[in-house]
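S.K.: Quick one: the structure is below, and I'll ask about it shortly.
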Amino acid sequence: MRDLAKNIRLPSIDDLFSTEEERQDAKLEKIRILPLSELHPFEGHPFQVRDDEEMDKMVDSVKEYGVMTPAIVRPRRDGGYEIVAGHRRCHASQRAGVDTMPCIVRDMDDDTAIILMVDSNCQREHILPSEKAKAYQMKLEAINRKLGRPSKENVRQVGAHFSGNRSTQIIGETAGDSSRQVERFIRLNKLTPDLMQLVDDGRLKTTPAVELSYLTPEEQEEFLSYMEEEGCTPSLSQAQKLKAASKESVLTKDKIHEIMSARSPSVKPREPQLTIAVSKVERYFPKGCSSEQMESTILKLLENYYRKRQDYER
């Protein structure tokens, strides 16, 4: 009887004196006004908060209207709250001289928070390639952990099936990229920081940069030195050749110079073409005469005309 009594759950005082509607309402997420001093950035947040023209406009908006869309935060073990979505709004509030911000407090595990953080930022208009590369990598690892599968180096192998889709496909569908584009961006994480900066600056195109990511860090540094000395950037074809040389362990400084200084074989320019419509000359030829026969006759007539003119000029 005592054991049976232990398993009996008596209703709490709140349950006894509250309605079902009140209990359901208590479960709903509430917007809370939290001090900025209690808000902390997301650990490993890949997106930069830049003081650019867009931020200036956001600051002006906060001064006039306040923060219109609440941030999403989660409780921290060490106290305060970790921002999952709303880093730029928090920064704008600080610049606007506001001490608080509306937030939705939501309990969530690390992987759920990472996925929400990436999704809420990837819809922004201006995202650097390095930001997207890091964000896609974080989300891919979070999805695979949720699926209970360890991450691997090769994203093609790591793309687990989730509701019939690969992880990279799921990421791409949310962000508006193809699965292959997601894989390319993730591959950019293998670039050295200096080369990645060139990609962010627009001085190195993304597609050749993906090929360069297969070079060892030492080879990447060697190639960067060559780029700076020569003031050049690789084409896709050159980057592919550099990758192949690296794979064969023959990418020396001389090999880099050989690949980058090679010129494409010259192609003889096409001769100008003179086209005369058959309808313009067919009345001068017998009926049924082919265009080839017309061309041959015209050339013979021109040759005779040329000779007669030469004789006349003598």
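S.K.: Residues of the range 198-232 being within 19 Å of Glu183 (Cα to Cα), of a type outside the set (Asp, Glu) and part of a helix (DSSP H, G or I), which ones?
M.R.: Passing the criteria: Val199, Thr206, Thr207, Pro208, Ala209, Val210, Leu212.
S.K.: Let me ask something else. Can you confirm whether the range 113-123 contains a residue that is open to solvent by less than 40 Å² (accessible area, probe 1.4 Å), more than 17 Å from Thr174 (Cα to Cα) and either in a loop (DSSP other than H, G, I, E, B) or modelled with pLDDT of 95 or more (or both)?
M.R.: Among the residues of the range 113-123, not one is open to solvent by less than 40 Å² (accessible area, probe 1.4 Å), more than 17 Å from Thr174 (Cα to Cα) and either in a loop (DSSP other than H, G, I, E, B) or modelled with pLDDT of 95 or more (or both), which makes the answer no.
S.K.: Can you pull out every residue in the range 167-185 that is assigned to a helix (DSSP H, G or I) and open to solvent by 10 Å² or more (accessible area, probe 1.4 Å)?
M.R.: Within the range 167-185, Gln169, Ile170, Glu173, Thr174, Ala175, Ser179, Arg180, Gln181, Arg184, Phe185 meet the criteria.
S.K.: Go through (1) at pLDDT 90 or above; (2) open to solvent by 70 Å² or more (accessible area, probe 1.4 Å) one by one and return the number of the condition Phe162 breaks.
M.R.: Result: Phe162 passes all but (1).
S.K.: Moving on. Given the condition of a type in the set (Val, Ile, Thr), closer than 25 Å to Lys132 by Cβ, touching a residue at least 12 places away in the same chain (Cβ under 8 Å) and open to solvent by 50 Å² or more (accessible area, probe 1.4 Å), answer yes or no: does some residue in the range 215-233 qualify?
M.R.: yes
S.K.: For the range 234-251, which residues satisfy the criterion of being under 16 Å from Pro217 (Cβ atoms), open to solvent by 60 Å² or more (accessible area, probe 1.4 Å) and of a type in the set (S, T, N, Q)?
M.R.: Ser249
S.K.: In the range 125-134, what residues are in contact (Cβ under 8 Å) with a residue 40 or more places away in the chain and either over 13 Å from the mean Cα position of the chain (by Cα) or open to solvent by 30 Å² or more (accessible area, probe 1.4 Å) (or both)?
M.R.: His126, Ile127, Leu128, Lys132, Lys134
The values are calculated or read from the model by the stated rules, or taken from the named source; none is laboratory data. A quick note: this is a predicted structure, and the numbers were derived from the prediction, not measured. Reconstructed Cβ throughout: ideal geometry from the backbone, glycine too, with neighbour counts over all protein chains shown. Ligands, DNA and RNA are excluded from the accessible area calculation, which covers all protein heavy atoms including side chains. Shrake-Rupley method; radii C 1.70, N 1.55, O 1.52, S 1.80 Å.
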